[in-house]
1. Which of the lysines could a cross-linker bridge to B:Lys141, judged by Cα under 20 Å and excluding same-chain residues fewer than eight apart?
2. Which distance in Å, rounded to a whole number, links the C-alpha centroids of the range B:66-132 and the range A:314-359?
3. What does DSSP give for chain B in terms of the percent of beta bridges that are antiparallel, rounded to the nearest 5?
4. Under 1.5 on a/c is rounded, so check that first for the protein assembly as shown, then, if it is not, pick prolate when a/b is larger than b/c and oblate when it is not; a ≥ b ≥ c are the square roots of the alpha carbon gyration tensor eigenvalues.
5. Return a whole-number percent for the relative contact order of the range B:229-290, with Cα pairs under 8 Å and 6 or more residues apart as the contact set.
6. Counting Lys +1, Arg +1, Asp -1, Glu -1, what net charge surrounds B:Ser164 among other residues with beta carbon under 14 Å of its beta carbon?
7. Can you compute the charge dipole magnitude of the range B:3-222 about its Cα centre, using +1 on each Lys and Arg Cβ and -1 on each Asp and Glu Cβ, nothing else charged? Give it in debye, rounded to the nearest 20.
8. Using only the Cα atoms of the range B:229-290, build the gyration tensor, take square roots of its eigenvalues as a ≥ b ≥ c, and label the shape rounded, prolate or oblate: rounded if a/c is under 1.5, else prolate if a/b is larger than b/c, else oblate.
Amino acid sequence: MREALRRISAIASKEFIHIRRDPRIMIAVLVMPTIQLLLFAYAISFDVSDVPTVLLDGDRTTASREYLAAYEQSDFFNVVGHVESQKAIDDAFDRSSARIAVMVRPGFGEALARGEKASVAVLVDGSEPNSAQLGQAYATALNQALGRELTFEYLERQAIDPTRAGGITPFIRTWYNPERRSADFLVPGLMVVVIMIVTVQQTAVTLVKEKEQGTFEQIIVSPIRRGELMLGKVSPWVLLGVIDMLVVTLVAIFLFGVPLRGDVLTLGVGTFLFVLCSLGIGLLVSARASSVEVANLVALLISFLPGFMLSGFAFPLHSIPRFLQVVSYAFPGRYMVTITRTVFLKGGSFSILWPEIGALALYAVVSLTLASVLYSRRPD
Amino acid sequence: MESAIQLKALTKRFGSFTAVDAVDLDVRRGEIFGFLGPNGSGKTTTIRMLCGVIAPTSGQATVLGHDAIKDPEAVRRRIGYMSQKFSLFEDLTVDENLRFYAGVYDLTDEKFAARREYILRMADLVGREGELTANLSVGWKQRLALGCATIHEPELIFLDEPTSGVDPTARRHFWELLYELADSGVTLFVTTHYMDEAAHCSRLAFIYNGRLAACGTPGEIRALMTETVLEVDVDDAEAALLALERVSEIREAYMSGAVLHVNVGASSPASVVELLAAAGVTVRGIEVVDPTIEDVFVHLVTQQRAAGETLAATAPEAVAVPNPPVSGSPDA
Ligand SMILES: Nc1ncnc2c1ncn2[C@@H]1O[C@H](COP(=O)(O)OP(=O)(O)OP(=O)(O)O)[C@@H](O)[C@H]1O
Ligand SMILES: [Mg+2]
């Protein structure tokens, strides 16, 4: 045991020396993430469809049912459920299972019948501002069209002059991100992608480089076990990954003014696990890559594309094809993006985020185990 | 005395290509065993199997009494390996490299202190401990690599072309270090394609296209050659070689350092002189010499190549023939 520790620490201290002596690594780890964060955050804007929506019918009249049915027919709204209470709406937003809630208040039908203004509340989860903005626009449009139609139809039936009657006025309230600031929404997700790219890439390269130099062979003829070698090689990167996350978090807070509303410890634990997952992926890449170039490329593809497409960072996960939604579970990004967004914007903590934390922990164990199995095999 | 290494029909295939073909070998303890062969003949592949880096396709290998295939872990602490690319970290200092390998072999601090001092002196690096390895010239790097590979005082050391790319003075210096190690009872398994280094070894094996072509003491190897070898000093070696190659009776002709070596085969020394004169080459000196190890190996390669060519005539997918051995520099 003491011997194993001695061997692991020999590898780790050597790794630290490499890192310290190579300015490119320092730049890649500390400067690049900040630059990427700045570039991406200012450059990105998106479009959405199929926003998960819940409906609350507090009126239960023919008029309210007809009104809500219009949401079900729209392409923009994806009605995922009918709920009974305001509390249920809160829950749906917390679990991110819905982003918009449409609430018909009691008396909606009567008001219409009297030819008065009927009111409807449209609640928008603002932690995803592109959805929030669009959701608001669509709901308004829908209300205007629908409202007029509903009112006209009704009034005509009642033989009242439609021009003198009221319409339907939606009250729109945006939750979680009241000013709907894009940076608030983007930056917590972007942090995740940026960290993943850096850590996956660096670990993928570090072992392949050793193989190319021939030092890998020199090390494995020693009494060191391959698992020990792996552990020694990644431990400095765990530290660097966490430091990295700290740097981008500070950038997010002080440069972008993103509020950190939730539990810092939950964010820390999530970060640690997420870094482990990225290192696991990096090691898997380096176990198979034949050269530093290949490792670099594969690492970039495997971290960049899923980071952008499948983490919910750029495109809400419910708006990508179902097949890709399934694939997204295979990358740690989606769990971590949920964690950062929930902690930053919704003030979330472990009590809400335990499924994501659990998923990351499981992911870390599986990927690191798989990597060490791949490593302990003697090559042909 | 017990064998240090024993190989029985050791074979390694990469796909359909056989890199090491049923090699039998017996290396005794305490000897400097030279493993010679041209580029791509399978030297490194053999060593990698013996060190447990790669698994053989078939055959047996016993290293220091342990099965090197089934249980490579058993002898890790007792063997050293200096791989073909000197396995130093260029961005680490001399001291950091030593410390790293000491850590990997989990040496105690006292042990490391003692070994470090010894190695620095041996490698002539005292006072340069803090220098980056990248800044050392090749000879020093090579000695430092030897130091790192022997930091745990192994009983058996595999050295894969330790002297390639090193100048003759540094090579001589390096061989002195190897002698020192051998004197202290360490077994050395050294590959090289410098033929002049063969004379430094107590026994030799010659591998060609993955097959063992000859094995024995330098004397025994030389005795394999029964034909007459001439050493010829000419003004225009290229023209001379061209002329000699056209004559089928002459077995081999090649440059050995600055002079030609000619295996006259069925021809005679007199006819060689005539032939060269006819080609307009001035012969400055000619004498019959005892065949060198290089002569024997060139001869073996030519024989095998001829066999390979008849094989190629019948089997079009037959093996490619690599380059002949590199001859040693004349001053070494
Ligand atoms: N991993 C591998 N996959 C496929 N072929 C290989 C592999 N390793 C070696 N070879 C081939 O096996 C043959 C023997 O290679 P090896 O490195 O053992 O030769 P060598 O005698 O050490 O040559 P050199 O003097 O150039 O170092 C070569 O033709 C080489 O291309
Ligand atoms: Mg080799």
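The values are calculated or read from the model by the stated rules, or taken from the named source; none is laboratory data. The structure displayed is predicted, hence computed values, not measured ones. Neighbour counts run over all protein chains shown; Cβ positions are idealised from the backbone, glycine included. For the accessible areas, the whole protein counts, side chains as well, though only heavy atoms, and no ligand, DNA or RNA atoms are used. Shrake-Rupley method; radii C 1.70, N 1.55, O 1.52, S 1.80 Å.
1. Once the sequence-local lysines are set aside, what remains near B:Lys141 is A:Lys14, A:Lys209, A:Lys211, B:Lys85.
2. 47 Å
3. 65 percent
4. prolate
5. Details: 108 pairs, mean separation 29.7, N = 62.
It comes to 48 percent, rounded to a whole number.
6. On the way: positive: B:Lys43, B:Lys85, B:Lys141, B:Arg171; negative: B:Asp160, B:Glu161, B:Asp167, B:Asp196, B:Glu197.
With Lys, Arg at +1 and Asp, Glu at -1, the neighbours total -1.
7. Computed about the Cα centre, the dipole is about 620 debye.
8. Rounded is the answer for the range B:229-290, as its axis ratio a/c remains below 1.5.
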